[in-house]
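> Have a look at the structure that comes next, please.
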Amino acid sequence: MTAGHRFDAIVIGGGHNGLVNAAYLAMAGKRVVVLEKRHVLGGAAVTEEIYPGFKYCVCSYVVSLLRPEIIRDLDLPRHGLEILPLESTLTPLPDGDHLVRWADHDQTRRELYRHSPRDAEAYDDFGKLMYQLAVAVKPILAMVPPDPTSLSPKDLLGFARLARHFRGLGEEQFHALFKLMTMSAADYLDEWFETEPLKATMSASGIIGTFLGPRSPGTAYVLLHHYLGEIDGAMRAWGFARGGTGAVSESIASAARRFGADIRTEAGVAQVIVKNGKAVGVALENGDEFRAPVVVSALDPKRTFLQMVEPKDLPDDFVDAIRRFKIRGSSGKVNLALSELPDFTCLPGVGPHLRGAISISPSVDYLERAYDDAKYGAFSRRPYMDIIIPSMIDPGMAPPGKHVMSIFVQYAPSDLDGGWDETKREAFGDAVIDTLAEYAPNLPGAILHRQVLTPWDIEREMGLTQGNIFHGELTLQQLFCMRPTVGWADFTTPVRNYYQCGSGTHPGGGITGASGRLAALKILGGRPR
Amino acid sequence: MTGPYDAIVIGAGHNGLVTAAYLGRAGLKVLVLERREVIGGAAVTEQVFPGFKFDTAAHRIGALHPAVVRDLDLKRHGLEVVHADPTVFAPASDGRHLLLWRDPKRTVEALREMSPADAEAWIPFSELIGKAAAVLRAAWSATPPEVTGNDPRDLWSVVKLGVGLRRLGKRDMVEVMRILPMAVSELLGDWFESDVLKGTLAAAGIAGMFQGPMAAGTVYAFLHHHVGAGGGVLRPTARVRGGVGELTRALAVAARGHGVDIRTSQPVERVIVKDGRATGVVLSSGEEVAAARVVSNADPRRTFFDLVGPTELDPEFVRKVTNIRFKGVCAKVHLVLGELPRFSGVPEAGPHLNGVISISPSLEYLERAYDDAKYGAASRRPYLEVSIPSVTDPDVAESGKHVMSIVAQYAPYRLKEGEWDAAARERLGDAVVGTLSEYAPNLESAILHRHVLTPLDLEETYGLSEGNIYHGEHTLDQLFFMRPVPGSARYRTPIEGLYLCGAGTHPGGGVTGFPGYNAAREILRDGKG
């Protein structure tokens, strides 16, 4: 082993959380190396030219929750990060009508009024409450979760702080938050609204990445996410990164490099080297070894603990807990290169609606039926889809006059009956295009190239176990001090000097960078145990 | 105007009688007013057909509060609880069957034939459930705390719960916290492989719920039915000798012994509220009865909207009551049988008919039954919980004949097409009998009489809003300090002198007496005034 292989810290995985983690460690003066298995950085936050001239946001496609302190600390705009706003959300309806929510408040109000005056009124009150609750939740997302089984002063203090925080909310807000945490998105929205496509489109954010239908309890709290993006002021609700989501990863990588981080691609890690219960380095798939007193995994908990280290280096209880950690994939992705724009029957022609999100979610029943297929082991025949046309927002994504379309699709169960294969993947792609063609009939004829990713592909290509985009389901029993499991939610692991910083840790999921940052702070602040 | 009484209890359901008896025992002059000609509410035994006694609503009891049995001397007044053994017989789809016994070792033996792995898992699983149920049991006895309040008693009850949880030891504490918000299908999937075992246990998690077993939160519902069940007994089946009406009869005897006046056929028209204080009631006969306090055993919707009236209440409180979800899903079918059902594989009479017969061959079976209801139709193949009390208690039927009581689920209160008229009622009866006949082919020809209660019938006969047998769904957002509505979970209401004591309050439904017991304690705590 050469001296070039010795570092202060090794980060496994060059996804956005791994890069954020490395950047913060490097900023603190550590000599860091990031080891990425693929030829590109970004993990699930990548832009790739899969078809010549057309740039696909292969997996993740929008940005909203990227922590403003990360943007600030790493000075990401200087490293090329530019977030462009998504103007609207269009929900086309089967009867030829539509519902659009615009960035402009009055325009949205008029549109909602057209469907239901009552809902137009309620929408503002709902927004206010969500805003307040988002403010209430924000500090929790930014803390290292305490351990409820520990009696150490640090953990007890953590819970005391949490209790004080909740008491400080006052009764009304506390109860509203409790309802949001425990209810189904559909029930929660039923208390506020009557317009089906509005309830369906809003509840869809509660099912993204989760193997539950909108009527299952536990799906309501994700409604908050939308508003969390808003309070930070960095961007309003959802945005699109110029150059695609990969540009987010690139800007973080660029910042990390500026602080001296060494970032290597095509450097797949085979194993963490553990000596006397302590992580001392990693072995690459090509046989190379790297040494460092700190090893950080940005992989999901299954890979972090069941692949990177030997079960014998972990307590049995812990291994059981990680095995039981739910990580079922529920979604797929279809990326298209288009010769022309889709022409929606409900809003014909080119218009500002094509610069926003397009949601195929006409009713809560529609989403439930999509879920029904999946819960019995099939992909949805008529899936829920969340679509953007990146080339409408950033013309650089496709050749002039041509377009790229990014389609997030749910449900596609990772444990499809009989397993996934090429034929089923294409059948899944067909179901997506056929469903979409009902709303935009010209679409099939406009397709130049199609990329279909099922959970099977996402696992094989991106290394996300079972294709779960959040590194583990965002259900109540897998959040906060239970993510990934109780006692190990503070980014440490049972192996000394081995840390975790991926979305499988608190607060988890989405391009937030929060896990990577909190883990770095833990590593830098924590004394060696 | 008659009276004045120290307290009027509206409704002679089991909780109303418990509260009345305790108030009488404390020296208060109490009047109980029952709308029907019989006492008992949903804990009632009626001769639907002369000579045949049916438990027409609840046909099983939960864990009766031991203090109630002791303090009110119910055994001396004739209460005899019969713990069926085996508790459950469940035919599988392949002709085999499952028997769950009160002795866990016997269950393990019975399971071994079906799945050795499940037999191994039985005892550890039932121990875990026993521990989780013990934690809940402690919470059941407590008045829910005002989370943002400053009462040291509240803080103490929260601390006590925390201590109870910690006493489990780290491993079990973590597991109990983890499983509480889960879907019962996931929990059972972690432990067992046999379809009929998973389906039959999961049935306890969906009983009375407008949710399928794959919905999050159903583990709580499952645990609710295991509070007080005792070591190793899952899906306990307890009945009252002579019918559940014998329990309410014994309660009435006890109450009268403490000077309580109980009048039947006395529907209350409304609660008299003067200057924000309840001062008595008006009967539908026009008679007014004055009292220092009024206690309602009716569900919260009936209490606040029918008996009090929204005009007496703060609009925000009205909104909360409006938002309580009832969504009844149960129907009852009562059959007089000329002979016992002969189940395929076990055609002869035997101990398998002692407990309940559960038609729950798999998780998927239950989930599909739910799917029908989710879209507004009654299950074509419903989940059935069948009880033949005459097997162990011959006095309830004419000699040689039998009574069969069936809880059928899902029969949604709101139908998408049509309504619960006579034809729909008969179709429901046919679906129930048809489903059971698939397992016991002689059933149809054995039926001498049939009586069907739809959710609408349950509402009209027993005063259960939307036919919900629990006075409000048992979902996490409607339990504990959220029951019946957040901010009023302590048996008191915004109307001074008006209390609630029914299943719509903590800890909820089932024949347990806990709500009535807790309510009496709080009323007495407020002073005899």
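The values are calculated or read from the model by the stated rules, or taken from the named source; none is laboratory data. Since the structure is predicted, the reported quantities are computational estimates derived from the model, not experimental observations. So basically every Cβ, Gly included, is an ideal-geometry build from the backbone, and we count neighbours across all protein chains shown.
Conditions tested, residue by residue: (1) in contact with an Asp or Glu (Cβ under 6 Å, 6 or more places away or on another chain); (2) over 30 Å from B:E193 (Cβ atoms); (3) touching a residue at least 60 places away in the same chain (Cβ under 8 Å); (4) surrounded by 20 or more Cβ atoms within 10 Å (Cβ to Cβ).
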{"position": "B:V81", "(1), (2), (3), (4)": "no, yes, yes, no"}
{"position": "B:T87", "(1), (2), (3), (4)": "no, no, yes, yes"}
{"position": "B:G95", "(1), (2), (3), (4)": "no, no, yes, no"}
{"position": "B:K131", "(1), (2), (3), (4)": "yes, no, no, no"}
{"position": "B:V163", "(1), (2), (3), (4)": "no, yes, no, no"}
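> If you don't mind, another one. For the range A:115-135, name all the residues that are surrounded by fewer than 13 Cβ atoms within 10 Å (Cβ to Cβ) and more than 29 Å from the chain's Cα centre (by Cα).
Matches in the range A:115-135: A:P117 only.
> Also: Among the candidates A:G504, A:G472, single out the residue that is of a type in the set (G, A, S), outside any helix (DSSP H, G or I), buried (at least 24 other Cβ atoms within 10 Å of the Cβ) and more than 14 Å from chain B (Cβ to nearest Cβ).
Of the residues listed, the single one that is of a type in the set (G, A, S), outside any helix (DSSP H, G or I), buried (at least 24 other Cβ atoms within 10 Å of the Cβ) and more than 14 Å from chain B (Cβ to nearest Cβ) is A:G504.
> Name the one entry in A:G170, A:G213, A:G206, A:G246 that is touching a Ser or Thr at 6+ places or on another chain (Cβ under 7 Å), closer than 27 Å to A:T465 by Cβ and not assigned by TED's automatic domain parsing to the domain that holds A:S64.
Answer to the check: A:G206.
> Another question, then. Go through the range B:371-405 and report how many residues are in contact with a helix residue (DSSP H, G or I) (Cβ under 7 Å, 6 or more places away or on another chain) and within 14 Å of B:Q211 (Cβ to Cβ).
Number of matching residues: 4.
> If you don't mind, there's one more thing I want to ask. Name the single residue, out of those in the range B:193-205 being touching a residue at least 40 places away in the same chain (Cβ under 8 Å) and within 19 Å of B:G217 (Cα to Cα), that is farthest from the other protein chains (Cβ to nearest Cβ).
B:T200
> Residue by residue through the range A:349-403, note down the ones that are aromatic (F, W, Y) and within 14 Å of chain B (Cβ to nearest Cβ).
A:Y366, A:Y371, A:Y376, listed by residue number.
> Could you figure out which of (1) touching a Gly at 6+ places or on another chain (Cβ under 8 Å); (2) within 14 Å of chain A (Cβ to nearest Cβ); (3) over 21 Å from B:V386 (Cα atoms) isn't true of B:P412?
Among (1) touching a Gly at 6+ places or on another chain (Cβ under 8 Å); (2) within 14 Å of chain A (Cβ to nearest Cβ); (3) over 21 Å from B:V386 (Cα atoms), the lone unmet condition for B:P412 is (3).
> Looking at (1) modelled with pLDDT under 95; (2) farther than 22 Å from B:H471 by Cα, which one does B:L188 not meet, given that it meets all the others?
Evaluating B:L188 over (1) modelled with pLDDT under 95; (2) farther than 22 Å from B:H471 by Cα leaves (1) as the failure.
> Just checking, how many residues over the range B:494-511 are surrounded by fewer than 23 Cβ atoms within 10 Å (Cβ to Cβ) and either among the aliphatic types (A, V, I, L, M) or in contact with a strand residue (DSSP E or B) (Cβ under 8 Å, 6 or more places away or on another chain) (or both)?
Here the count works out to 2.
Residue-by-condition table, conditions (1) part of a strand (DSSP E or B); (2) more than 14 Å from chain A (Cβ to nearest Cβ):
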position	(1), (2)
B:V386	yes, yes
B:M404	yes, yes
B:K416	no, no
B:W420	no, yes
B:L428	no, yes
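> Any idea which of B:H506, B:H449 is more than 14 Å from chain A (Cβ to nearest Cβ) and over 24 Å from B:V32 (Cβ atoms)?
Working: B:H506 fails: over 24 Å from B:V32 (Cβ atoms).
Exactly one residue qualifies, and that residue is B:H449.
> Yes or no: B:V30 in contact with a Phe, Trp or Tyr (Cβ under 6 Å, 6 or more places away or on another chain) and at negative phi?
no
> Just checking, does the range A:103-121 include any residue being in contact with a strand residue (DSSP E or B) (Cβ under 6 Å, 6 or more places away or on another chain) and among the hydroxyl-bearing types (S, T, Y)?
Within the range A:103-121, one or more residues are in contact with a strand residue (DSSP E or B) (Cβ under 6 Å, 6 or more places away or on another chain) and among the hydroxyl-bearing types (S, T, Y).
> Just checking, how many residues over the range B:212-248 are assigned to a loop (DSSP other than H, G, I, E, B), in contact with a Ser or Thr (Cβ under 6 Å, 6 or more places away or on another chain) and more than 30 Å from B:Q47 (Cα to Cα)?
Counting residues in the range B:212-248 that are assigned to a loop (DSSP other than H, G, I, E, B), in contact with a Ser or Thr (Cβ under 6 Å, 6 or more places away or on another chain) and more than 30 Å from B:Q47 (Cα to Cα) gives 6.
> Separate question: Checking the structure you have, find out if any residue of the range B:170-187 is surrounded by fewer than 16 Cβ atoms within 10 Å (Cβ to Cβ) and within 7 Å of another protein chain (Cβ to nearest Cβ).
So far as the range B:170-187 goes, yes, one or more of its residues are surrounded by fewer than 16 Cβ atoms within 10 Å (Cβ to Cβ) and within 7 Å of another protein chain (Cβ to nearest Cβ).
> Here are A:Q451, A:Q410: which of them is among the polar types (S, T, N, Q), out of contact with any helix residue (DSSP H, G or I) (no Cβ under 6 Å at 6 or more places or on another chain) and surrounded by fewer than 24 Cβ atoms within 10 Å (Cβ to Cβ)?
None of the others qualify; the one that does is A:Q451.
> Using the structure shown, decide if B:P412 is assigned to a loop (DSSP other than H, G, I, E, B) and closer than 23 Å to B:Y375 by Cβ.
Yes.
> I'd like the full set of residues that are away from every other protein chain (no Cβ under 14 Å), free of Cβ contacts under 8 Å to residues at least 40 places away in the same chain and either under 26 Å from A:E194 (Cα atoms) or not in a strand (DSSP E or B) (or both), limited to the range B:278-332.
Listed by number, the residues that qualify are B:S284, B:S285, B:G286, B:F305, B:D306, B:G309, B:P310, B:T311.
> Filter the range A:139-168 down to the residues that are within 8 Å of chain B (Cβ to nearest Cβ) and either within 28 Å of the chain's Cα centre (by Cα) or polar (S, T, N, Q) (or both) and list them by number.
The answer is A:P148, A:T149, A:F166.
> Turning to a different aspect of this structure: As an exercise: evaluate A:A440 against (1) more than 14 Å from every other protein chain (Cβ to nearest Cβ); (2) aliphatic (A, V, I, L, M); (3) under 25 Å from the mean Cα position of the chain (by Cα) and give the number of the one condition it does not meet.
(3)
> Does B:L366 qualify as being within 30 Å of A:D190 (Cα to Cα), under 20 Å from the mean Cα position of the chain (by Cα), of a type outside the set (G, A, S) and not assigned by TED's automatic domain parsing to the domain that holds B:G212?
Judged against the criteria, B:L366 is a match.
> Considering only the range A:173-182, I want to know if a residue exists there that is in a helix (DSSP H, G or I) and more than 12 Å from chain B (Cβ to nearest Cβ).
Scanning the range A:173-182 turns up no residue that is in a helix (DSSP H, G or I) and more than 12 Å from chain B (Cβ to nearest Cβ).
> So B:K75 ticks every box in (1) in a loop (DSSP other than H, G, I, E, B); (2) among the basic types (K, R); (3) over 23 Å from B:A520 (Cα atoms) but one. Which box is left unticked?
Just one mismatch for B:K75, condition (3).
> State yes or no: is B:V273 in contact with a helix residue (DSSP H, G or I) (Cβ under 9 Å, 6 or more places away or on another chain), outside the structural domain of B:V396 (by TED's automatic domain parsing), assigned to a strand (DSSP E or B) and surrounded by fewer than 23 Cβ atoms within 10 Å (Cβ to Cβ)? Spell out the reasoning first.
Details: in contact with a helix residue (DSSP H, G or I) (Cβ under 9 Å, 6 or more places away or on another chain): yes; outside the structural domain of B:V396 (by TED's automatic domain parsing): yes; assigned to a strand (DSSP E or B): yes; surrounded by fewer than 23 Cβ atoms within 10 Å (Cβ to Cβ): yes.
Considered against the rule, which asks whether it is in contact with a helix residue (DSSP H, G or I) (Cβ under 9 Å, 6 or more places away or on another chain), outside the structural domain of B:V396 (by TED's automatic domain parsing), assigned to a strand (DSSP E or B) and surrounded by fewer than 23 Cβ atoms within 10 Å (Cβ to Cβ), B:V273 comes out as yes.
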